[in-house]
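Read the structure below first, then the notes.
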Amino acid sequence: MIVFDLECKEGHAFEGWFSDGADFESQIQHGLISCPVCSDTCVSRKLSPVAIRTSSGSNQPAGPDPAMQFHHFMQKVAAFVDKNFEDVGCKFATEALKMHYGAAEQRNIRGTSTETEEKMLKEEGISFLKVPVPVNPDTDS
């Protein structure tokens, strides 16, 4: 069994339980998944928290701690985002709109936005990805 976080076109979030990823894809293609709030069948998967399953009672020697592996991976993601994306802070939606309509040059940006701003960006057809990035304790931000 696999659980996916889902979201309809109106922004309602809900869970879906499927036997596997192929089952989810099949149900989406046939319009069998609908929002429990508004019945919208235009549903997509949302970014979900990562879970790492380990087997207990294994005869194999213990490897690296999965939690530490994930922590190191997230540190690499944060470093990549910090190096390759301009931090526009709380002006993320404004800057994304400017780039979308040609009023500003296209570039990689990062920042924060409200749920209302995110809904507006989706309605305008602007793609974005929410990536949780840990705060570096060595900085003042």
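The values are calculated or read from the model by the stated rules, or taken from the named source; none is laboratory data. Not measured: the values here are computed from a predicted model. Positions of Cβ are generated from backbone atoms using ideal geometry, with glycine treated the same way; all protein chains shown enter the neighbour counts. Surface areas here come from the heavy atoms of the whole protein model, side chains and all, with no ligands, DNA or RNA. Shrake-Rupley method; radii C 1.70, N 1.55, O 1.52, S 1.80 Å.
Among all residue pairs at least 6 apart or on different chains, which show Cβ distances below 8 Å where the first residue, located in segment 8-24, is on the phi < 0 side of the Ramachandran plot and the second is in a helix (DSSP H, G or I) and buried (at least 16 other Cβ atoms within 10 Å of the Cβ)?
Gly16/Phe24; Phe18/Phe24
Determine the pairs where a residue that is touching a residue at least 24 places away in the same chain (Cβ under 8 Å), located within segment 72-85, has a partner that is charged (D, E, K, R) and open to solvent by 60 Å² or more (accessible area, probe 1.4 Å) with Cβ atoms under 7 Å apart, the partner being 6 or more residues away or on another chain.
From segment 72-85, the pairs are Val81/Arg110; Phe85/Arg110.
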